[in-house]
Amino acid sequence: MARIVFGNHPYDVPKDKPMRIGKEQVGYFTYPDFAISTSDLNNLYVSTSELTMGYFELAPGAMFSPPDHHPGDECYYILEGELTEVNPITGQAVRAMENDVLIIPQEGAHGGYNFGTKRMKAVFALAPQMVNEEEQVFPTDLEGKWRVLKGKDEADYKPWPDCKETGTNGTINDVGCWPAAGEELRREPKYLRLIREENKLNVINGLDNPYFMRFACSNDKIHFGELILPSGGVGCRVSDPESHAGETAVFVTEGTISFIMMESREVFKIEKDEVMFIPKNTEYQMVNNWAQPAHAVFCIAPEL
């Protein structure tokens, strides 16, 4: 495969059509690509002008550096292992474990370490973009800039107030401002937000055929979390037909989900570690034909 193009991946596929994105369409890149010994391995599934989804891995003891930042809000869902993410401007460090979600506000500086004993794997999603489409490069302006205990450049860093965490025991009214409104998340110094199981916004989707959604982040740019489509029933388990004003990407983490496009009646079978891409305003239904619940990480951007 040729070098990936951010904002246009997979290649030569109309972004106004639904598509299954399997391992054969994955694009690979490292960050950074100029210092491989301090890089991570990234698997890119889909990248449009409004949404990016993939996953990355860090071996035990590895890190990615220099710290980077993106022109969009970014979320990580930790599938395996653990990740210690650092805001190098404030020295804030958060340790994310399996099933935790990390929120990195737009242009928030961040770098990561794996201090654990096994591989770290995380689904990532950004909205609207990972890099500037015209330039296609990651920023390197923070190279060598880490605020750490007993660091040599402490005098160069500004002291910041403590980060006030929000987002507990929410209701459906909080969809669109979880764990806080977008403008609050993006306020300087752009603190990292760690969302654990008890801090996810639990929502039931659908009246006739309900399924479970857990929002970790929901604002004016991105809606990110997990969904659980149960098994069982008179026949197979289905969701009510639905559509979204923004583009949708669904990364299946357990089981298999079939997606039926209501207008064309196309069927896409998405298995573990595959992604379903659904264009905006496209009505679809999800089906679980199997005996166990299906789990997936979803991203919808920008509007739900």
Criterion (at pLDDT 95 or above, out of contact with any Pro (no Cβ under 6 Å at 6 or more places or on another chain) and within 28 Å of His295 (Cα to Cα)) met by exactly one of Asn99, Asn114: Asn99
I'd like to check something: does region 153-168 contain any residue that is under 30 Å from Lys200 (Cβ atoms), without any contact (Cβ under 8 Å) to a residue 40 or more places away in the chain and surrounded by 14 or more Cβ atoms within 10 Å (Cβ to Cβ)? yes
Pull up region 261-279, narrow it to residues that are part of a strand (DSSP E or B) and of a type outside the set (Val, Ile, Thr), then point me to the one that is surrounded by the fewest Cβ atoms within 10 Å (Cβ to Cβ). Lys269
Consider Glu98 against the criteria (1) buried (at least 16 other Cβ atoms within 10 Å of the Cβ); (2) over 27 Å from Phe34 (Cβ atoms); (3) acidic (Asp, Glu): it satisfies all of them except one. Which criterion is unmet? (1)
Region 65-88, subset among the acidic types (Asp, Glu) and assigned to a strand (DSSP E or B), residue modelled with the lowest pLDDT: Asp68
Can you say whether Glu24 is among the charged types (D, E, K, R) and either surrounded by 19 or more Cβ atoms within 10 Å (Cβ to Cβ) or not in a strand (DSSP E or B) (or both), as far as the supplied structure shows? yes
Being surrounded by 24 or more Cβ atoms within 10 Å (Cβ to Cβ), touching a residue at least 60 places away in the same chain (Cβ under 8 Å) and of a type in the set (A, V, I, L, M, F, W, C) is the filter here; which residues of region 245-259 pass it? Ala249, Phe251
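For every residue, the table says whether it meets (1) assigned to a strand (DSSP E or B); (2) surrounded by fewer than 20 Cβ atoms within 10 Å (Cβ to Cβ); (3) not hydrophobic (A, V, I, L, M, F, W, C).
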| residue | (1), (2), (3) |
| --- | --- |
| Pro189 | no, yes, yes |
| Phe215 | yes, no, no |
| Lys221 | no, no, yes |
| Glu226 | yes, no, yes |
| Gly235 | no, yes, yes |
| Asp240 | no, yes, yes |
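The values are calculated or read from the model by the stated rules, or taken from the named source; none is laboratory data. Note that the coordinates shown come from a computational prediction; the quantities given were computed from them, not determined experimentally. So basically every Cβ, Gly included, is an ideal-geometry build from the backbone, and we count neighbours across all protein chains shown.
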